[in-house]
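Below is one structure, written out as structure tokens; comments come after it.
Quick note: the coordinates plus some simple rules give every number you see, no bench work behind them. Model, not experiment: these values are computed from the prediction. Note that each Cβ is placed from the backbone with ideal geometry, even for glycine, and that neighbours are counted across all protein chains shown.
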Amino acid sequence: MTSPTGPGRARQTEIYRGGALGRRPAVPADFAGLEEAAQQVSSDVAWAYVAGGAGEGRTMRNNRAAFERWAIVPRMLHGNLTRDLSLDLLGTRLPAPVLLAPVGAGALMGADSDVKIARAAASQGLPYVFSHQGCNPMEETAAAMGETPRWVQLYWSTDEDLVDSTIQRAEAIGAGALVVTLDTTMLGWRPQDLTLGSLPFSQGIGIAQYTSDPHFTEVVRARTASKDKQDVQVTLGAIRTLLSMTRQYPGRFLANLRSPEPRAAVETFLDIYSNPGLSWEHLATLRERTRLPVVLKGILHPDDAQRALDAGVDAVVVSNHGGRQVDNAIASLDALIAIRERVGAEATLLLDSGIRTGADVFTALALGADAVLLGRPYMYGLALAGERGVAEVLANVVAELDLTMALAGAADLDAITRDLVVPNPSYRW
Ligand SMILES: Cc1cc2nc3c(=O)[nH]c(=O)nc-3n(C[C@H](O)[C@H](O)[C@H](O)COP(=O)(O)O)c2cc1C
């Protein structure tokens, strides 16, 4: 006899068994509770950066509203006892269509953030896309996740040698893909951070991929050798910033405190980290620069998606960066529908921005995504309970996807078809 197992039932059993012994899960099981609890344990500065968005927050709201505008229509008496959530993505078999999005400056929500996230991803067998603005060197993060797939995200620097160096490191750590983020050639207008005058990178938080890079280090040393000492106004804030930069910089604290390098590294980073002039011509050079599959992240227009695929990229992430770049931008889910229509069924399309639950993953797949990336939800798990918090958030999302499939009649991901969702008759415009 086959029993109706699967990640949904397994997670429920784990939680309810624990509950019978008086143990509660480390994170609330609903997103609103998760968000509220995470805010309570986060500093103002950390919350502004992680939860904040562009302008008046309309893109973040659009992302959620787009999900509310669709409703799932479950089918009955399908007789499926088990589900298969696995898929092939860029040549790798994954247990579920969920990846961890690249999220920079994670240390705001807990020390050694990227290593903890990597371990949690590995515990669930889900791929982790390392952020170029990460807080641990990619080699250290990769070492924490065994054979579990890792992809590396790239912000295209104005220093082309740094681009090459980052690609070489990504290849050396066994990355399954290079994810080039297109939507952040400059930072968007982010009032939550601006109101506090706070940018993590200027404190040295989120520049570990740079300070661990041999080429970047050379550039910093050349800068400290050639530059005259600059006068800095000595304020309490300036001292705090200096201490933070010093702590974040590789090496011993006291040696760093005497060295001009931590500050020069921050200045160098701010000068070169992204190229506002990024164009299709830059991207065309990638094929000669790497053997890795190339994924473009941050596409919203069908013409851009088509052009990317025509240029030979392996996949596109339909994303508005979690609503952090352009205020009142189109919801990723709405963009996905138009893009899938344009590029056809064969193209590999991923989606992020606004995914909060397993039911959201189901809706995204029904509307044309092959897989999704989660951003803030797992960061909130990190804030609440470190590695365990991240693992629980991931397990909960996959569990709910499995249960939604079970209850809606989809035995595998291919069975999550467009006819299982309809425009939500209960949505109030
Ligand atoms: C705090 C924070 C930092 C981020 N840093 C990066 C980054 O370094 N690189 C990148 O490509 N995207 C970055 N993103 C965007 C995410 O990869 C992803 O697109 C977004 O979080 C998905 O939306 P969601 O948070 O609504 O799930 C960041 C998002 C957040 C919330």
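Distances between placed amide hydrogens fall under 5 Å for Trp70 paired with Asn424, all partners being 5 or more residues away or on another chain. Looking at the chain, the DSSP beta bridges with both ends there are about 20 percent antiparallel. For the listed peptides 166-176, 383-393, a ranking on the average number of other beta carbons within 10 Å per residue, highest first, reads 383-393, 166-176.
Here the 3J(HN,Hα) profile of the range 257-268, calculated from phi with Karplus coefficients 6.51, -1.76 and 1.60 at θ = phi - 60°, is 4, 8, 8, x, 5, x, 5, 5, 5, 5, 5, 5 Hz, Gly and Pro shown as x. Around the amide H of Val372, modelled in the peptide plane, lie the amide H atoms of Val98, Leu99, Leu351, all under 5 Å away and 5 or more residues distant in sequence or on another chain. Distances between placed amide hydrogens fall under 5 Å for Ser274 paired with Thr158, all partners being 5 or more residues away or on another chain.
Is the range 298-369 rounded, prolate or oblate when judged by the Cα gyration tensor, a ≥ b ≥ c being the square roots of its eigenvalues, rounded requiring a/c under 1.5 and prolate requiring a/b larger than b/c? Here the range 298-369 falls in the oblate category. Over the range 208-272, the pair-distance histogram of Cα-Cα distances with 5 Å bins from zero comes to 3, 17, 29, 28, 17, 5, 1 percent, rounded to whole numbers.
Across the range 191-197, rounded Karplus estimates of 3J(HN,Hα) from the backbone phi angles (6.51 cos²θ - 1.76 cosθ + 1.60, θ = phi - 60°) give x, 4, 6, 5, 4, 8, x Hz, Gly and Pro being marked x.
Note on the chain: GNM, Cα springs under 10 Å; of Thr290, Thr82, Thr195, the largest mean-square fluctuation is that of Thr195. May I ask for log10 I(q)/I(0) of the chain at q = 0.07, 0.08, 0.12, 0.13 Å⁻¹, from a Debye sum over the Cα atoms as equal point scatterers with solvent left out? Scattering profile of the chain, log10 relative to I(0): -0.34, -0.44, -0.99, -1.17. Between Pro97, Pro262, Pro276, the Gaussian network model of the chain with springs among Cα atoms under 10 angstrom shows the greatest mean-square fluctuation at Pro276. Counting only DSSP H runs of at least 4 residues, each contributing -39500 (n - 2.57), and dividing by the residue count of the chain, the helix-based mean residue ellipticity at 222 nm comes to -14000 deg cm²/dmol.
Each part reduced to its alpha carbon centroid, the range 287-355 and the range 48-98 end up 15 Å apart.
Rounded if a/c is under 1.5, else prolate if a/b is larger than b/c, else oblate: which is the range 13-80, with a ≥ b ≥ c the root eigenvalues of its Cα gyration tensor? The shape class here is oblate. Taking θ as phi - 60° and the Karplus parameters 6.51, -1.76 and 1.60, the scalar couplings of the range 357-369 work out to 9, x, 5, 5, 4, 4, 4, 4, 5, 5, 9, x, 7 Hz in sequence order, x denoting glycine and proline.
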